[in-house]
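Every number here is computed from the coordinates shown, using simple stated rules; none is lab data. None of the values given here were measured: they were computed from a predicted structure. Glycine also receives a Cβ, built like all others from the backbone with ideal geometry; neighbour counts cover every protein chain displayed.
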């Protein structure tokens, strides 16, 4: 068994029992910070990855550059890595399959695939179309790739709460039958709604969390299998950069930088580590 096979098995097992808690990374340094903080796996944030590469979120980043960054992250940590690949960075199922094959070669143990379309006005793919894309991903990924199918019914916010819930169940069922291992429903924070999702979806449920969300312990009691922060940490980091710059330019002071990581500690994160490749450009 290869190291990657072992990590894939480990990652799959992390969806059993207590919630798998994921603080999403967007580059090698953030991945290593998160690893040292006590993570059991590393997830990427597609938004954070895109921003770090100078692109907007919404399947606009160059696929080659995104996969190269995933490879760098996977090579720099000793934990399983699950990669957010947005819509598969492809127009059709065969392109999705190619993306999955390349992401696995890059060292990932799992992927997120979303069913939203970003073409000016966000909307959802047809269920049949998305199921076909997930089926292609399943075939390409084999048994070792954990496919987390994202259902964007709540993020898109169309219809009533009841209609969104009903649509989520229909989509989740279709995606599971197509080969998805887990279902990710971002945009839900109400405990009652989360409990309904857990009860109505026959696969591990992933919830996106942030301020105002139930705690990890509370989500565990509701039956949630996976909890992730998405792009929140990247957004917080950029907020600190903006506040620090504004303080410098407007007041000529530096208080915002209090609490920053020590230079030597941060630099040490870039040294050592199994399977490390050079990370400087």
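Below is a table of values for the structure above.
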read-out	value
Per residue Cα convex hull volume in Å³ - calculated over the stretch 177-225	67 Å³
Equivalent-ellipsoid semi-axes of the stretch 3-268, from the Cα gyration tensor, Å, largest first	29, 22, 19
Gyration tensor (Cα) of the stretch 29-99, equivalent ellipsoid semi-axes in angstrom	23, 13, 9
Overall form of the stretch 94-138 per C-alpha gyration tensor (a/c, 1.5; a/b vs b/c)	prolate
Sequence-separation-based contact order of the chain, relative, with Cα cut under 8 Å and 6+ spacing, percent	19 percent
Residue order, fewest to most beta carbons within 10 Å, for 156, 145	156, 145
The stretch 173-281 - Rg and Dmax from Cα coordinates, angstrom	20.2, 59
Neighbour-count order for 258, 119, fewest beta carbons within 10 angstrom listed first	258, 119
Ascending count of other beta-carbon atoms within 10 Å, so fewest first, for 185, 28	28, 185
